[in-house]
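Notes follow once the structure below has been shown.
The values are calculated or read from the model by the stated rules, or taken from the named source; none is laboratory data. Fair warning: this is a prediction, and the values are worked out from it, not measured in the lab. Cβ placement follows ideal geometry from the backbone for every residue including glycine, while neighbour counts extend to all protein chains displayed. To get the accessible areas, we keep the full protein, side chains included, count just its heavy atoms, and leave off ligands, DNA and RNA. Shrake-Rupley method; radii C 1.70, N 1.55, O 1.52, S 1.80 Å.
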Amino acid sequence: MMMKTKRYVSSRFNAQSHTEDGGMILYNSYTGAIASFGEQEQHAVKDALKQGGVEMEMLAGNKLYQELVEHGFLVPEQTDELRRAAFLHQSMYRTDLMHLVLLVTEACNFRCHYCYEDFPRGRMTDETIQGLKAYIEQKANTLGELAISWHGGEPLLVPHIIEELSHSFMDSAERHGVNYSAEMSTNGYYITEELFPKLLNWKINRFMITLDGPEDVHNVRRGLNGGRGTYSTIVNNLMNMKKVDADFEVNIRVNFDNSNLEAVSAFIPTLRDLFADDHRFKMYFRPVGCMGGENDLHLPVCDERTKDEMIWAFNREAIRQGLAISSAITDILMPTAAICYAAKPSSLVVGSNGQLYKCSVAIHEDFNQVGTLDSDGMAHLDYDKIAYWTTSGEEQDEKCQACFFRPACQGNHCPLYRMRTGNRPCSYEKRQIKKTLQAIWEYARAAEQA
Ligand code: SF4
Ligand code: SF4
(Lines give C-alpha, C1' and ligand atoms only; values in the text may rest on other atoms or scores of the structure.)
(Ligands and ions follow the chains in the order given, each with its own letter.)
Protein backbone atom coordinates (compact mmCIF):
# COMPACT_ATOMS: atom_id res chain seq x y z
CA MET A 1 0.00 0.00 0.00
CA MET A 2 1.54 3.31 -1.08
CA MET A 3 1.21 6.27 1.29
CA LYS A 4 2.24 9.81 0.52
CA THR A 5 5.40 10.72 2.41
CA LYS A 6 5.01 13.69 4.73
CA ARG A 7 8.10 13.31 6.78
CA TYR A 8 11.49 11.59 6.67
CA VAL A 9 12.93 10.08 9.84
CA SER A 10 16.23 8.56 10.90
CA SER A 11 16.75 4.97 9.76
CA ARG A 12 16.96 2.39 12.54
CA PHE A 13 19.99 0.96 10.73
CA ASN A 14 22.15 4.08 11.20
CA ALA A 15 25.29 4.23 13.34
CA GLN A 16 27.39 7.30 14.10
CA SER A 17 30.98 8.01 14.91
CA HIS A 18 33.24 11.04 14.90
CA THR A 19 36.42 12.01 13.10
CA GLU A 20 39.59 13.20 14.82
CA ASP A 21 39.04 16.73 13.55
CA GLY A 22 35.58 17.12 15.09
CA GLY A 23 33.52 15.90 12.14
CA MET A 24 30.87 13.20 12.06
CA ILE A 25 30.75 9.80 10.34
CA LEU A 26 27.42 8.22 9.48
CA TYR A 27 26.82 4.62 8.38
CA ASN A 28 23.72 2.74 7.32
CA SER A 29 23.81 -1.07 7.32
CA TYR A 30 20.83 -1.45 4.95
CA THR A 31 22.40 0.57 2.14
CA GLY A 32 26.06 0.15 3.15
CA ALA A 33 26.54 3.93 2.81
CA ILE A 34 29.26 5.66 4.83
CA ALA A 35 29.49 9.46 4.79
CA SER A 36 31.46 12.04 6.71
CA PHE A 37 30.40 15.58 7.55
CA GLY A 38 32.49 18.56 8.59
CA GLU A 39 31.99 20.44 11.83
CA GLN A 40 29.45 22.85 10.33
CA GLU A 41 27.37 20.36 8.35
CA GLN A 42 27.05 17.92 11.21
CA HIS A 43 24.70 20.18 13.17
CA ALA A 44 22.23 20.11 10.31
CA VAL A 45 22.67 16.33 10.00
CA LYS A 46 22.11 15.80 13.72
CA ASP A 47 18.97 17.97 13.54
CA ALA A 48 17.63 15.94 10.64
CA LEU A 49 18.26 12.68 12.50
CA LYS A 50 16.47 13.83 15.64
CA GLN A 51 13.26 12.11 16.60
CA GLY A 52 10.93 14.47 14.75
CA GLY A 53 12.75 13.98 11.45
CA VAL A 54 12.42 16.32 8.47
CA GLU A 55 9.21 17.59 6.88
CA MET A 56 8.81 16.76 3.22
CA GLU A 57 8.71 20.47 2.33
CA MET A 58 12.11 21.03 3.94
CA LEU A 59 13.70 18.61 1.49
CA ALA A 60 13.13 20.73 -1.59
CA GLY A 61 16.23 22.77 -2.27
CA ASN A 62 18.19 21.25 0.61
CA LYS A 63 20.95 19.20 -0.97
CA LEU A 64 22.22 17.83 2.33
CA TYR A 65 18.82 16.43 3.32
CA GLN A 66 18.35 15.01 -0.17
CA GLU A 67 21.65 13.17 0.12
CA LEU A 68 20.66 11.78 3.51
CA VAL A 69 17.52 10.38 1.87
CA GLU A 70 19.39 9.09 -1.16
CA HIS A 71 21.82 7.09 1.01
CA GLY A 72 19.11 5.72 3.29
CA PHE A 73 20.07 7.67 6.43
CA LEU A 74 16.60 9.24 6.32
CA VAL A 75 13.61 7.09 5.34
CA PRO A 76 9.93 7.94 4.78
CA GLU A 77 8.26 7.79 8.19
CA GLN A 78 5.83 5.06 7.13
CA THR A 79 8.70 2.73 6.10
CA ASP A 80 8.52 -0.63 7.81
CA GLU A 81 12.27 -1.15 8.13
CA LEU A 82 11.90 -4.49 9.87
CA ARG A 83 9.99 -5.74 6.87
CA ARG A 84 12.73 -4.39 4.61
CA ALA A 85 15.27 -6.39 6.62
CA ALA A 86 13.11 -9.51 6.40
CA PHE A 87 12.85 -9.01 2.62
CA LEU A 88 16.62 -8.65 2.39
CA HIS A 89 16.89 -11.96 4.22
CA GLN A 90 14.99 -13.62 1.39
CA SER A 91 17.86 -12.77 -0.97
CA MET A 92 19.79 -15.53 0.86
CA TYR A 93 17.54 -18.01 -0.90
CA ARG A 94 18.56 -17.07 -4.44
CA THR A 95 19.24 -20.26 -6.33
CA ASP A 96 21.45 -18.70 -9.03
CA LEU A 97 24.40 -18.28 -6.62
CA MET A 98 26.74 -20.99 -5.44
CA HIS A 99 29.73 -20.79 -3.11
CA LEU A 100 31.81 -23.88 -2.43
CA VAL A 101 34.60 -24.08 0.13
CA LEU A 102 36.84 -26.91 -1.02
CA LEU A 103 39.12 -28.79 1.39
CA VAL A 104 41.36 -30.02 -1.42
CA THR A 105 43.60 -31.59 1.16
CA GLU A 106 43.10 -31.85 4.87
CA ALA A 107 46.86 -32.22 5.41
CA CYS A 108 49.21 -29.32 6.20
CA ASN A 109 52.95 -28.76 6.09
CA PHE A 110 52.73 -26.30 9.04
CA ARG A 111 52.04 -26.94 12.71
CA CYS A 112 50.74 -23.61 13.98
CA HIS A 113 50.44 -23.64 17.73
CA TYR A 114 46.83 -22.33 17.72
CA CYS A 115 45.55 -24.50 14.86
CA TYR A 116 42.26 -26.31 15.46
CA GLU A 117 42.71 -28.89 12.70
CA ASP A 118 43.92 -32.41 13.38
CA PHE A 119 44.62 -33.44 9.79
CA PRO A 120 42.43 -36.54 9.71
CA ARG A 121 42.61 -37.02 5.95
CA GLY A 122 44.98 -36.22 3.13
CA ARG A 123 44.37 -35.08 -0.43
CA MET A 124 41.01 -35.02 -2.13
CA THR A 125 40.00 -38.45 -3.45
CA ASP A 126 39.60 -39.05 -7.19
CA GLU A 127 35.91 -39.87 -6.60
CA THR A 128 35.35 -36.48 -4.97
CA ILE A 129 37.21 -34.68 -7.77
CA GLN A 130 35.01 -36.41 -10.38
CA GLY A 131 31.95 -35.72 -8.25
CA LEU A 132 32.73 -32.01 -8.01
CA LYS A 133 33.27 -31.66 -11.75
CA ALA A 134 29.97 -33.40 -12.47
CA TYR A 135 28.13 -31.46 -9.75
CA ILE A 136 29.19 -28.09 -11.16
CA GLU A 137 28.49 -29.15 -14.74
CA GLN A 138 24.97 -30.23 -13.74
CA LYS A 139 24.29 -27.02 -11.80
CA ALA A 140 25.94 -24.52 -14.14
CA ASN A 141 22.95 -23.96 -16.40
CA THR A 142 20.94 -22.63 -13.44
CA LEU A 143 23.72 -20.46 -12.00
CA GLY A 144 24.63 -16.80 -12.51
CA GLU A 145 27.60 -16.84 -10.13
CA LEU A 146 29.96 -19.50 -8.90
CA ALA A 147 32.52 -18.65 -6.20
CA ILE A 148 35.17 -21.10 -5.04
CA SER A 149 37.23 -20.82 -1.85
CA TRP A 150 40.31 -23.05 -1.97
CA HIS A 151 40.91 -24.19 1.55
CA GLY A 152 42.59 -26.95 3.54
CA GLY A 153 44.74 -28.03 5.34
CA GLU A 154 47.17 -26.30 3.04
CA PRO A 155 45.64 -26.23 -0.45
CA LEU A 156 48.95 -25.67 -2.23
CA LEU A 157 50.17 -29.10 -1.18
CA VAL A 158 48.03 -30.27 -4.11
CA PRO A 159 48.24 -27.63 -6.89
CA HIS A 160 47.56 -30.31 -9.52
CA ILE A 161 44.09 -30.90 -8.01
CA ILE A 162 43.40 -27.17 -7.96
CA GLU A 163 44.51 -26.99 -11.59
CA GLU A 164 42.32 -29.89 -12.67
CA LEU A 165 39.24 -28.61 -10.86
CA SER A 166 39.79 -24.96 -11.89
CA HIS A 167 39.92 -25.91 -15.58
CA SER A 168 36.78 -27.96 -15.25
CA PHE A 169 34.86 -25.27 -13.31
CA MET A 170 36.01 -22.46 -15.62
CA ASP A 171 35.01 -24.52 -18.64
CA SER A 172 31.51 -25.23 -17.23
CA ALA A 173 31.15 -21.58 -16.21
CA GLU A 174 32.16 -20.30 -19.63
CA ARG A 175 29.85 -22.61 -21.55
CA HIS A 176 26.89 -21.66 -19.36
CA GLY A 177 27.64 -17.93 -19.01
CA VAL A 178 28.34 -18.11 -15.25
CA ASN A 179 30.47 -15.48 -13.48
CA TYR A 180 33.35 -17.40 -11.95
CA SER A 181 35.58 -16.20 -9.11
CA ALA A 182 38.01 -17.85 -6.72
CA GLU A 183 39.99 -17.06 -3.57
CA MET A 184 42.45 -19.00 -1.46
CA SER A 185 43.48 -19.30 2.18
CA THR A 186 47.08 -20.48 2.15
CA ASN A 187 50.08 -20.31 4.44
CA GLY A 188 52.01 -18.87 1.48
CA TYR A 189 54.92 -21.28 1.72
CA TYR A 190 54.46 -22.72 -1.77
CA ILE A 191 53.44 -19.63 -3.74
CA THR A 192 56.61 -19.61 -5.79
CA GLU A 193 57.42 -17.35 -8.72
CA GLU A 194 56.47 -20.21 -11.05
CA LEU A 195 53.20 -21.10 -9.35
CA PHE A 196 51.73 -17.64 -8.77
CA PRO A 197 50.99 -16.78 -12.45
CA LYS A 198 49.28 -20.17 -12.74
CA LEU A 199 47.04 -19.37 -9.78
CA LEU A 200 46.09 -16.10 -11.44
CA ASN A 201 45.32 -17.99 -14.66
CA TRP A 202 43.02 -20.21 -12.63
CA LYS A 203 41.24 -16.99 -11.65
CA ILE A 204 42.40 -17.14 -8.04
CA ASN A 205 43.06 -13.50 -7.30
CA ARG A 206 42.24 -13.04 -3.64
CA PHE A 207 44.51 -14.57 -1.02
CA MET A 208 44.68 -14.77 2.76
CA ILE A 209 48.26 -15.34 3.97
CA THR A 210 49.39 -15.16 7.60
CA LEU A 211 52.46 -13.51 9.14
CA ASP A 212 52.36 -13.55 12.92
CA GLY A 213 55.05 -11.03 13.78
CA PRO A 214 58.78 -10.55 13.25
CA GLU A 215 60.76 -13.54 11.99
CA ASP A 216 61.64 -15.07 15.38
CA VAL A 217 58.08 -14.74 16.71
CA HIS A 218 56.40 -15.93 13.51
CA ASN A 219 58.68 -18.96 13.29
CA VAL A 220 57.81 -20.14 16.78
CA ARG A 221 54.07 -19.72 16.14
CA ARG A 222 53.96 -20.95 12.55
CA GLY A 223 56.73 -23.49 12.06
CA LEU A 224 56.88 -26.35 9.62
CA ASN A 225 55.84 -29.81 10.66
CA GLY A 226 59.23 -30.72 12.17
CA GLY A 227 59.85 -27.25 13.57
CA ARG A 228 61.80 -25.31 10.92
CA GLY A 229 60.94 -21.62 10.39
CA THR A 230 58.74 -20.41 7.55
CA TYR A 231 59.01 -16.60 7.66
CA SER A 232 61.76 -15.99 5.13
CA THR A 233 60.21 -18.30 2.53
CA ILE A 234 56.78 -16.66 2.86
CA VAL A 235 58.18 -13.12 2.72
CA ASN A 236 60.33 -14.02 -0.26
CA ASN A 237 57.23 -15.39 -2.02
CA LEU A 238 55.25 -12.26 -1.18
CA MET A 239 58.03 -10.07 -2.59
CA ASN A 240 57.93 -12.06 -5.81
CA MET A 241 54.16 -11.67 -5.98
CA LYS A 242 54.66 -7.92 -5.66
CA LYS A 243 56.65 -7.89 -8.89
CA VAL A 244 53.71 -9.28 -10.85
CA ASP A 245 51.74 -6.66 -12.74
CA ALA A 246 48.23 -8.04 -12.25
CA ASP A 247 45.03 -7.33 -10.41
CA PHE A 248 45.01 -9.36 -7.18
CA GLU A 249 44.61 -8.85 -3.47
CA VAL A 250 46.53 -10.38 -0.58
CA ASN A 251 45.17 -10.02 2.90
CA ILE A 252 48.11 -10.33 5.28
CA ARG A 253 46.56 -11.86 8.35
CA VAL A 254 48.33 -11.15 11.63
CA ASN A 255 46.99 -13.28 14.48
CA PHE A 256 47.53 -11.95 17.96
CA ASP A 257 47.13 -13.20 21.51
CA ASN A 258 48.62 -12.18 24.84
CA SER A 259 51.99 -13.65 23.92
CA ASN A 260 52.68 -11.54 20.81
CA LEU A 261 50.94 -8.18 21.39
CA GLU A 262 54.21 -6.25 21.64
CA ALA A 263 55.74 -8.20 18.80
CA VAL A 264 52.83 -7.29 16.51
CA SER A 265 53.21 -3.58 17.39
CA ALA A 266 56.91 -3.80 16.66
CA PHE A 267 56.16 -5.64 13.41
CA ILE A 268 54.04 -2.89 11.85
CA PRO A 269 57.07 -0.83 10.67
CA THR A 270 58.41 -3.99 8.98
CA LEU A 271 55.04 -4.47 7.29
CA ARG A 272 55.28 -0.84 6.19
CA ASP A 273 58.70 -1.41 4.64
CA LEU A 274 57.41 -4.48 2.84
CA PHE A 275 53.95 -3.39 1.68
CA ALA A 276 53.15 0.31 2.14
CA ASP A 277 54.09 0.95 -1.49
CA ASP A 278 51.64 -1.66 -2.79
CA HIS A 279 48.06 -1.52 -1.60
CA ARG A 280 47.20 -4.86 -3.18
CA PHE A 281 48.63 -6.14 0.13
CA LYS A 282 46.19 -5.37 2.93
CA MET A 283 46.56 -5.85 6.68
CA TYR A 284 44.13 -7.96 8.68
CA PHE A 285 44.74 -8.12 12.43
CA ARG A 286 42.70 -10.83 14.17
CA PRO A 287 42.72 -12.27 17.69
CA VAL A 288 43.38 -15.98 18.10
CA GLY A 289 40.25 -17.76 19.31
CA CYS A 290 39.54 -21.19 20.77
CA MET A 291 38.18 -23.12 17.82
CA GLY A 292 38.03 -26.59 19.36
CA GLY A 293 41.63 -27.70 18.67
CA GLU A 294 43.45 -29.92 21.14
CA ASN A 295 45.73 -27.02 22.15
CA ASP A 296 42.79 -24.75 23.06
CA LEU A 297 43.25 -24.97 26.82
CA HIS A 298 46.84 -23.73 26.55
CA LEU A 299 46.27 -20.80 24.18
CA PRO A 300 47.01 -17.39 25.71
CA VAL A 301 43.91 -15.83 24.11
CA CYS A 302 43.18 -12.19 24.92
CA ASP A 303 40.13 -11.26 26.95
CA GLU A 304 37.30 -9.67 24.97
CA ARG A 305 38.24 -6.14 25.97
CA THR A 306 41.83 -6.54 24.85
CA LYS A 307 40.70 -8.06 21.54
CA ASP A 308 38.33 -5.16 20.87
CA GLU A 309 40.97 -2.63 21.80
CA MET A 310 43.97 -4.11 20.01
CA ILE A 311 42.34 -4.81 16.64
CA TRP A 312 41.69 -1.10 16.21
CA ALA A 313 44.96 0.01 17.78
CA PHE A 314 46.85 -2.15 15.25
CA ASN A 315 44.68 -1.02 12.36
CA ARG A 316 45.10 2.65 13.16
CA GLU A 317 48.85 2.28 13.51
CA ALA A 318 49.00 0.41 10.20
CA ILE A 319 47.03 3.21 8.49
CA ARG A 320 49.34 5.82 10.01
CA GLN A 321 52.28 3.92 8.58
CA GLY A 322 50.75 4.08 5.09
CA LEU A 323 49.53 0.47 4.91
CA ALA A 324 46.22 -0.64 3.42
CA ILE A 325 43.69 -2.31 5.69
CA SER A 326 41.89 -5.46 4.70
CA SER A 327 38.89 -5.16 2.44
CA ALA A 328 37.28 -7.69 4.80
CA ILE A 329 36.85 -4.81 7.26
CA THR A 330 35.18 -2.47 4.80
CA ASP A 331 33.22 -5.22 3.02
CA ILE A 332 31.69 -6.56 6.21
CA LEU A 333 29.66 -3.37 6.60
CA MET A 334 27.76 -4.01 3.36
CA PRO A 335 24.24 -5.51 3.42
CA THR A 336 24.43 -9.31 4.04
CA ALA A 337 28.25 -9.21 3.97
CA ALA A 338 28.81 -10.13 7.63
CA ILE A 339 26.98 -13.44 7.24
CA CYS A 340 29.14 -16.57 7.41
CA TYR A 341 28.83 -18.96 4.50
CA ALA A 342 27.71 -21.63 6.96
CA ALA A 343 24.40 -19.80 7.30
CA LYS A 344 23.82 -19.41 3.56
CA PRO A 345 21.68 -21.95 1.74
CA SER A 346 23.82 -21.43 -1.38
CA SER A 347 27.09 -22.53 0.32
CA LEU A 348 28.64 -25.88 1.07
CA VAL A 349 32.00 -27.01 2.38
CA VAL A 350 33.30 -30.10 0.56
CA GLY A 351 35.70 -32.33 2.50
CA SER A 352 38.52 -34.18 0.77
CA ASN A 353 36.52 -37.43 0.92
CA GLY A 354 33.25 -35.96 -0.40
CA GLN A 355 31.75 -35.32 3.03
CA LEU A 356 29.65 -32.16 2.90
CA TYR A 357 29.59 -29.62 5.73
CA LYS A 358 28.20 -26.15 6.38
CA CYS A 359 31.01 -24.90 8.64
CA SER A 360 34.68 -25.49 7.84
CA VAL A 361 35.69 -25.62 11.52
CA ALA A 362 33.37 -28.11 13.26
CA ILE A 363 34.10 -30.95 10.88
CA HIS A 364 33.85 -33.63 13.58
CA GLU A 365 30.41 -32.54 14.75
CA ASP A 366 27.55 -34.71 13.55
CA PHE A 367 25.22 -31.71 13.17
CA ASN A 368 27.71 -30.23 10.68
CA GLN A 369 27.99 -33.36 8.53
CA VAL A 370 25.14 -32.39 6.26
CA GLY A 371 25.58 -34.79 3.35
CA THR A 372 27.85 -36.53 0.89
CA LEU A 373 28.86 -36.01 -2.71
CA ASP A 374 28.95 -39.03 -5.05
CA SER A 375 31.46 -39.46 -7.86
CA ASP A 376 28.61 -38.94 -10.36
CA GLY A 377 27.90 -35.47 -8.95
CA MET A 378 24.86 -36.35 -6.84
CA ALA A 379 24.73 -34.48 -3.53
CA HIS A 380 22.80 -36.33 -0.83
CA LEU A 381 21.78 -33.67 1.65
CA ASP A 382 20.16 -33.75 5.07
CA TYR A 383 17.91 -30.70 4.88
CA ASP A 384 17.06 -30.81 8.59
CA LYS A 385 20.73 -30.30 9.42
CA ILE A 386 21.09 -27.62 6.76
CA ALA A 387 18.04 -25.80 8.15
CA TYR A 388 19.69 -25.80 11.58
CA TRP A 389 22.56 -23.77 10.13
CA THR A 390 20.52 -21.47 7.91
CA THR A 391 17.64 -20.51 10.22
CA SER A 392 19.27 -20.03 13.64
CA GLY A 393 20.01 -16.32 13.35
CA GLU A 394 17.68 -13.34 13.38
CA GLU A 395 14.64 -15.56 12.78
CA GLN A 396 15.05 -16.89 16.32
CA ASP A 397 16.61 -13.92 18.06
CA GLU A 398 14.61 -10.81 18.90
CA LYS A 399 17.71 -8.83 19.89
CA CYS A 400 19.16 -9.46 16.43
CA GLN A 401 15.89 -8.37 14.84
CA ALA A 402 16.21 -5.03 16.61
CA CYS A 403 19.96 -4.59 16.01
CA PHE A 404 21.21 -1.66 13.90
CA PHE A 405 23.61 -4.07 12.14
CA ARG A 406 20.91 -6.60 11.25
CA PRO A 407 20.96 -6.10 7.44
CA ALA A 408 24.70 -6.83 7.36
CA CYS A 409 24.73 -9.75 9.80
CA GLN A 410 21.23 -11.24 10.13
CA GLY A 411 22.41 -12.73 13.43
CA ASN A 412 24.62 -15.09 11.48
CA HIS A 413 28.18 -13.83 11.68
CA CYS A 414 29.23 -17.19 13.16
CA PRO A 415 26.43 -19.72 13.62
CA LEU A 416 28.88 -22.14 15.26
CA TYR A 417 29.68 -19.61 18.02
CA ARG A 418 25.95 -19.21 18.72
CA MET A 419 25.45 -23.01 18.77
CA ARG A 420 28.39 -23.63 21.08
CA THR A 421 27.93 -20.74 23.50
CA GLY A 422 24.31 -19.64 23.16
CA ASN A 423 25.58 -16.06 22.74
CA ARG A 424 25.10 -13.68 19.83
CA PRO A 425 28.00 -13.86 17.38
CA CYS A 426 28.49 -10.11 16.84
CA SER A 427 31.53 -9.30 14.71
CA TYR A 428 34.44 -7.23 16.02
CA GLU A 429 33.48 -4.53 13.53
CA LYS A 430 29.93 -4.26 14.90
CA ARG A 431 31.03 -4.42 18.53
CA GLN A 432 33.31 -1.45 17.99
CA ILE A 433 31.39 0.26 15.22
CA LYS A 434 32.64 3.71 16.18
CA LYS A 435 36.27 2.62 15.95
CA THR A 436 35.56 0.69 12.75
CA LEU A 437 34.10 3.78 11.11
CA GLN A 438 36.98 5.91 12.35
CA ALA A 439 39.50 3.46 10.89
CA ILE A 440 37.70 3.39 7.53
CA TRP A 441 37.54 7.18 7.48
CA GLU A 442 41.23 7.52 8.37
CA TYR A 443 42.13 5.01 5.70
CA ALA A 444 40.07 6.85 3.07
CA ARG A 445 41.68 10.13 4.08
CA ALA A 446 45.18 8.65 3.96
CA ALA A 447 44.44 7.27 0.48
CA GLU A 448 43.25 10.70 -0.68
CA GLN A 449 46.41 12.36 0.60
CA ALA A 450 48.76 9.73 -0.87
S1 SF4 B 1 30.22 -20.93 11.47
FE2 SF4 B 1 31.80 -19.76 12.52
S3 SF4 B 1 33.52 -21.18 12.72
FE4 SF4 B 1 32.14 -22.03 11.17
S5 SF4 B 1 32.93 -21.25 9.21
FE6 SF4 B 1 31.38 -19.80 9.94
S7 SF4 B 1 32.51 -18.21 11.06
FE8 SF4 B 1 33.86 -20.02 10.84
S1 SF4 C 1 24.65 -11.23 15.98
FE2 SF4 C 1 25.08 -9.24 16.89
S3 SF4 C 1 25.57 -7.89 15.14
FE4 SF4 C 1 24.54 -9.70 14.34
S5 SF4 C 1 22.40 -9.06 14.23
FE6 SF4 C 1 22.69 -10.13 16.19
S7 SF4 C 1 23.09 -8.50 17.68
FE8 SF4 C 1 23.40 -7.64 15.60
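Go through (1) closer than 17 Å to L103 by Cβ; (2) among the β-branched types (V, I, T); (3) in contact with a strand residue (DSSP E or B) (Cβ under 8 Å, 6 or more places away or on another chain) and name the single condition I440 misses. Checking I440 against (1) closer than 17 Å to L103 by Cβ; (2) among the β-branched types (V, I, T); (3) in contact with a strand residue (DSSP E or B) (Cβ under 8 Å, 6 or more places away or on another chain), the one that fails is (1). Just to be sure, is G38 touching a Ser or Thr at 6+ places or on another chain (Cβ under 8 Å), surrounded by fewer than 20 Cβ atoms within 10 Å (Cβ to Cβ), without any contact (Cβ under 8 Å) to a residue 40 or more places away in the chain and of a type outside the set (A, V, I, L, M)? So G38 fails the test. Taking the conditions exactly as written (at pLDDT 95 or above, open to solvent by 40 Å² or more (accessible area, probe 1.4 Å) and among the acidic types (D, E)), does E117 satisfy them or not? So E117 fails the test. Looking at the structure I just gave you, is N187 open to solvent by 60 Å² or more (accessible area, probe 1.4 Å), more than 18 Å from L356 (Cα to Cα) and not β-branched (V, I, T)? So N187 does not fit the description; no. Within region 34-63, the set of residues being outside any loop (DSSP other than H, G, I, E, B), of a type in the set (D, E) and under 21 Å from S17 (Cβ atoms) comprises E41, D47.
Can you give me the ranges of the helices (runs of 4 or more DSSP H) entirely in region 64-180 with at least 1 residues that are over 22 Å from I204 (Cβ atoms)? Output list reads 81-90, 126-139. Taking first residues from region 383-399 that are among the basic types (K, R) and partners that are within 15 Å of ligand 1 (Cβ to nearest atom), the Cβ contacts under 7 Å between residues at least 6 apart in sequence or on separate chains come to K385/F367; K385/V370; K399/R424. Just one of the numbered conditions (1) touching a strand residue (DSSP E or B) at 6+ places or on another chain (Cβ under 7 Å); (2) open to solvent by 10 Å² or more (accessible area, probe 1.4 Å) is not true of T421: (1).
Which members of region 354-378 meet the condition of being farther than 20 Å from P415 by Cβ and of a type in the set (A, V, I, L, M, F, W, C)? Hits for region 354-378 are L373, M378. Within region 424-434, can one find any residue that is crowded, with 18+ Cβ neighbours inside 10 Å, within 16 Å of ligand 2 (Cβ to nearest atom) and hydroxyl-bearing (S, T, Y)? Scanning region 424-434, I find at least one residue that is crowded, with 18+ Cβ neighbours inside 10 Å, within 16 Å of ligand 2 (Cβ to nearest atom) and hydroxyl-bearing (S, T, Y), so the answer is yes. Looking at L82, L97, L64, L59, just one residue is of a type in the set (A, V, I, L, M), farther than 30 Å from T142 by Cβ and buried (at least 17 other Cβ atoms within 10 Å of the Cβ), and that residue is L59. Counting only residues that are in contact with an Asp or Glu (Cβ under 8 Å, 6 or more places away or on another chain), away from ligand 1 (no atom under 14 Å from the Cβ) and in a helix (DSSP H, G or I), region 423-434 holds 1 of them. Looking at the structure I just gave you, is K385 among the basic types (K, R), closer than 23 Å to W150 by Cβ, within 14 Å of ligand 1 (Cβ to nearest atom) and out of contact with any Ser or Thr (no Cβ under 6 Å at 6 or more places or on another chain)? In short, no. Can you confirm whether N412 is crowded, with 20+ Cβ neighbours inside 10 Å, within 16 Å of ligand 1 (Cβ to nearest atom) and not in a helix (DSSP H, G or I)? Answer is yes for this residue.
Scanning region 159-171 for residues that are closer than 24 Å to N225 by Cβ and crowded, with 21+ Cβ neighbours inside 10 Å turns up I161, I162. So which residues in region 294-331 are more than 27 Å from P269 (Cβ to Cβ) and touching a helix residue (DSSP H, G or I) at 6+ places or on another chain (Cβ under 9 Å)? Result: E304, single match. Looking only at region 435-450, filter to residues that are open to solvent by 50 Å² or more (accessible area, probe 1.4 Å) and over 20 Å from the mean Cα position of the chain (by Cα); which one of those is nearest to ligand 1 (Cβ to nearest atom)? Among residues in region 435-450 that are open to solvent by 50 Å² or more (accessible area, probe 1.4 Å) and over 20 Å from the mean Cα position of the chain (by Cα), the one nearest to ligand 1 (Cβ to nearest atom) is A447. Remark: pairs (first residue in region 425-450, among the charged types (D, E, K, R); second residue assigned to a helix (DSSP H, G or I); Cβ separation under 6 Å; 6+ apart in sequence or on different chains) = E429/T436; R431/D308; K435/W312; E442/I319. Scanning region 23-33 for residues that are outside any loop (DSSP other than H, G, I, E, B) and either surrounded by fewer than 19 Cβ atoms within 10 Å (Cβ to Cβ) or without any contact (Cβ under 8 Å) to a residue 24 or more places away in the chain (or both) turns up just one, M24.
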